[in-house]
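Inspection log for the structure reproduced underneath, given as structure tokens.
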Amino acid sequence: MTRVLRTTAMVTVFVLIALLLPVGAFAKTLEEWMAGYDTGAIWFGEDFHYDITDEEACWELLMKPITVLDVGQREVVSPRTGPGNDYPKVNTDKLGGTINGSSAAVHVLGDDEDGWTKIEGLDYYNRVIRGYVRTNLLKTVTPREDYGIIIDKLTQQLYVFKEGKLWSSCAVSTGLPNDSQPYNETAAGEYLMCSRMGDFDSEGMICAMALRFNGGDAIHQVPYTFLADGTKRFSTWESKLGQRASHGCVRVARIANEDGLNMEWLWENIKVNTKVVVWDDYGRRQPYPEDSLELYYNPNRGSYYHGDAYCKSVKSRYTPLTGFPYSELDTGDYADLKRCTTCAPVLRKAEIDELNRMRGLEPLVDDGVTAPTGEEGAPPSSLDTSLVHKSDEGDVIIVITPAGE
Ligand SMILES: [Zn+2]
């Protein structure tokens, strides 16, 4: 009798513990979402050189025709495990397993089989999805020949090529995924600029001059919010330029660089059918800045470090600012300086180490040798789910709304 009671009590306790555990304890991690899939890191091939200074190779890539799936630019295709509608979809994760229509490149992997062809393409998680689509959806498109755009997730820069030459570049923020939103990644690959969306509101953040290139993902100006007096506040997100921060879109500077490049320039000059290439960063190391790199601060109680002696955030009576080398950034009073939210200078070494860890690379120790490696990190894995609505999951195509930010 006692034993029965005690057993009942223990079962009750176990049930209570199980009920108290948060649902999140059973959710997948980013690593688990990516498990078993190749990622955008392999899209351009193993021997690919991510060399932005090789203008000839970059231009060749930017001019090369791509094969896309010829459905509407707001429609997606779910590849199937075999040649026919009777086969299941390769993947049905939330916002996953699909390839965006009309602008996202696919690789053709085989010949026609009864009206179906095996292809590979990238989903919002930056996973390579291999499967079968209807052959009549395959369409080859030649990009425009005036401009081409390369976005490098490693450097968080957008590079504009003009008529075969690298014209200019500026800092961006690409997607920052997490365990609950693995689809926030900006997928690597090849795309065509497909529509001019203009401004949109993402949960109170205004994303101006959006140019759509991959389903819900667009290139747009760094978001702003309105303050109570009606002025625009950019600083929250502007300070993140040069780092991952978005839900998958590519945020671009509003302040023009010396060449005049900013989002407004892109909006006025980049037309539909311009090729947009996104380079993955997984397995690629972000180097530390040179120790001698000059940084700046305001010795008169300034609390930020800057990359520009005449940073626009500082009153002109304090400029030019006082210089110090990058090697001293983590020493003395410099260690307390915050990164300027306007001129977005280089990151501290510890921050670069953390980013490299996300790319599966251990930090470099002092002698320049890689520290012992632990378990390989998961590839960091675009899009705000609240902004995406599926209207029909029945067959191959579902329809999504305009961009998630
Ligand atoms: Zn500054």
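Nothing in this text is a laboratory measurement; each read-out follows from the coordinates by a stated rule. If you're wondering where the values come from, they're calculated on a predicted model, not measured in any experiment. All Cβ positions, glycine included, derive from the backbone under ideal geometry; neighbour counts span all protein chains shown.
Values as computed for the structure displayed
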{"quantity": "Length gained when the stretch Asp330-Thr29 is fully extended (0.36 nm per residue, less Cα-Cα span)", "calculated": "105.1 nm"}
{"quantity": "Segment 294-345, relative contact order in percent, only Cα pairs under 8 angstrom and at least six apart counted", "calculated": "45 percent"}
{"quantity": "Relative packing of peptides 60-70, 109-119 - highest average C-beta neighbours within 10 Å first", "calculated": "60-70, 109-119"}
{"quantity": "Val172, Val90, Val76, Val346 arranged by Cβ crowding within 10 Å, fewest neighbours leading", "calculated": "Val346, Val90, Val76, Val172"}
{"quantity": "At R0 = 60 Å, FRET efficiency that the Cβ-Cβ distance of Leu227 and Phe48 yields, to 0.05", "calculated": "0.85"}
{"quantity": "Reachable aspartates and glutamates from Lys315, criterion Cα separation under 15 angstrom, eight or more residues apart if same chain", "calculated": "none"}
{"quantity": "Within-13-Å neighbourhood charge of Asp38 [Cβ basis; K, R +1; D, E -1]", "calculated": "-2"}
{"quantity": "Alpha carbon centroid spacing (whole Å) that separates segment 147-199 from segment 269-338", "calculated": "21 Å"}
{"quantity": "Taking Val128, Val278, Val272 and counting other C-beta atoms within 10 Å, the order from fewest to most", "calculated": "Val272, Val128, Val278"}
{"quantity": "Cross-link reach list, aspartates and glutamates versus Lys162, counting only Cα pairs under 15 Å and skipping chain neighbours closer than eight places", "calculated": "Asp54, Glu55, Glu56, Glu60, Glu145, Asp146, Asp259, Glu268"}
{"quantity": "Isotropically averaged projected area of segment 294-345, using the convex hull of Cα atoms (one quarter of hull area), nm²", "calculated": "3.0 nm²"}
{"quantity": "Cα gyration tensor shape of segment 244-372, rounded if a/c is under 1.5, else prolate or oblate by comparing a/b with b/c", "calculated": "oblate"}
{"quantity": "Label-point separation in nm, Thr142 to Glu268, each point 7 Å along Cα→Cβ", "calculated": "3.0 nm"}
{"quantity": "Exposure proxy ranking, count of Cβ atoms within 10 Å, fewest first, for Phe161, Phe44", "calculated": "Phe44, Phe161"}
{"quantity": "Segment 180-337: relative contact order in percent, alpha carbon pairs under 8 Å with at least 6 residues between", "calculated": "19 percent"}
{"quantity": "Förster-model FRET efficiency, 35 Å R0, Ala256 and Glu113, C-beta, rounded to 0.05", "calculated": "0.10"}
{"quantity": "Distance (nanometres) between label positions extended 7 Å along Cα→Cβ at Ser316 and Asp201", "calculated": "3.7 nm"}
{"quantity": "Anisotropy class of segment 53-210 from Cα gyration tensor, a/c 1.5 cut", "calculated": "oblate"}
